[in-house]
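The structure appears below as structure tokens.
Please treat every number below as a calculation from the coordinates, not as lab data. Note that the structure is a prediction, hence the values are computed from the model and not measured. Glycine also receives a Cβ, built like all others from the backbone with ideal geometry; neighbour counts cover every protein chain displayed.
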Ligand code: GLV
Ligand code: MN
Ligand code: MN
């Protein structure tokens, strides 16, 4: 298939208007029905060449270049004028990228950032990053699911790749640091290392994973899970978002998911390093500058569908109802009680509730909700989920409701690599930075990557412990410290002698 045919197929894949023969006049629409910026779709899909800026890969339309210029000039940082302690290219580059990224999916003031998988804001952000990688002289490519890579080839090509990055998607009305910091810091670090030290021994790659949050579809880690082979299209392609669009349809509409695009699964990774905001309050409360993650808590996500009977709100006596919402409410209150009784570190959340028909004078015939349960012990997590499932079944039976509970995601607790953690600790100590080892209650791409290569995560503090909200904030000097530490670790791993190789010290 040539690029243009692929383009038409991809745009048609969303099947939102389907009337035009000419892809340039088509309007791809998002789940909230906003027209996509056609210029970007066209820019993205001009052809299927690797996006490496070589002759023949004319993937940047002039309109797209304009947009990128507008983004960067609005958020540009004057390196020379920047005051200490930020007067260096590494941290200025990180700030510039972070600011620019925050404009993709940003709503009105206070509305936070919403950049859901395969939506126009998401695509624009990935294209912006691709442009930045390209300008920095990295080899740029997307894989079939929309993970974006920028590669700096090492001089010892037989050696495994050192991967660094995070995710580009956000929760609905999220903050500007979750995921974006890791991507911005990683790109800034690799670009700065290249400028300062030239070609590394071991290949370095920056990754902007397509999805980590599970905010659009009821499962998470689509980006990193595709890389490790944990998640595959055959299993996930028909999962639907809240508007009934399947993952596969959404992928095609964004220009991905075509068989000729690069297979996402990789077996060439030697290490993965991710910097992230803590999203909790431990670092702030203890006055610690850097968190070094020892383990990432395991999580399970379910969808729970309850079927009762829709009926008239005025004529149906209370004792004769099969109210799906009343059943769901009883389940939710019980869940909270059980979680409180279990105690920390277990957490259980119902984050989404959909009702049918969802109108004031009809008894709800259907209720669906999501369930997110986490614990750092796999056994405790499994036991708790089993008890919840039994309790829900009991409530449904007592109320004459039909119940379907479906496990959508299971990510076991993941230990980070002790050797890489030790390196981070020593780097902190040599820089006079305070640090502490910690468990991450939040899920991260490193959790998936840890199954295929040594993985490390470092945290910077979150003000007030707030995250997944527009108020998410980390002070500039803390962002700078995390970025500098990341760059220092990448330098050790990619540029220094053989002794600096992955996972060598336990
Ligand atoms: C991701 O941020 C998660 O922990 O849900
Ligand atoms: Mn994240
Ligand atoms: Mn998150």
With a 10 Å radius around each residue's Cβ, average the other Cβ atoms per peptide and rank 233-245, 300-312, highest first. 300-312, 233-245
Normalised by the number of residues in the range 105-198, what is the relative contact order in percent for Cα pairs under 8 Å and 6+ residues apart? 30 percent
In nm, to one decimal, how far is the modelled label at residue 262 from the one at residue 248, with both set 7 Å along Cα→Cβ? 2.4 nm
For the range 146-246, rounded, prolate or oblate, judged on the Cα gyration tensor with a ≥ b ≥ c (square roots of eigenvalues), a/c < 1.5 rounded, else prolate if a/b > b/c? oblate
Sorted by packing (mean other beta-carbon atoms within 10 Å per residue), highest first, where do 160-173, 103-116, 390-403 land? 160-173, 103-116, 390-403
Residue 471/residue 350 FRET efficiency (R0 22 Å; Cβ-Cβ; nearest 0.05): 0.50
Using Cα pairs closer than 8 Å and at least 6 residues apart in sequence, work out the relative contact order for the range 85-133, in percent. 23 percent
Any idea how far apart residue 309 and residue 235 come out in nm if each label point goes 7 Å out from Cα toward Cβ? 3.9 nm
How long is the gain from residue 429 to residue 378 if the chain were fully straight, where each residue apart is worth 0.36 nm and the alpha carbon distance is subtracted? 15.1 nm
Measuring from label point to label point, each 7 Å out along Cα→Cβ, what is the residue 360 to residue 407 span in nm? 4.3 nm
Which log10 I(q)/I(0) values, to two decimals, does the range 300-411 give at q = 0.13, 0.21 Å⁻¹ under the Debye formula with one point per Cα? -0.49, -1.07
Sort 417-428, 340-351, 443-454 by the packing proxy (mean of other Cβ within 10 Å over each peptide's residues), most packed first. 443-454, 417-428, 340-351
Between residue 496 and residue 387, what's the calculated FRET efficiency when r is the beta-carbon distance and R0 is 45 Å? Round to 0.05. 0.35
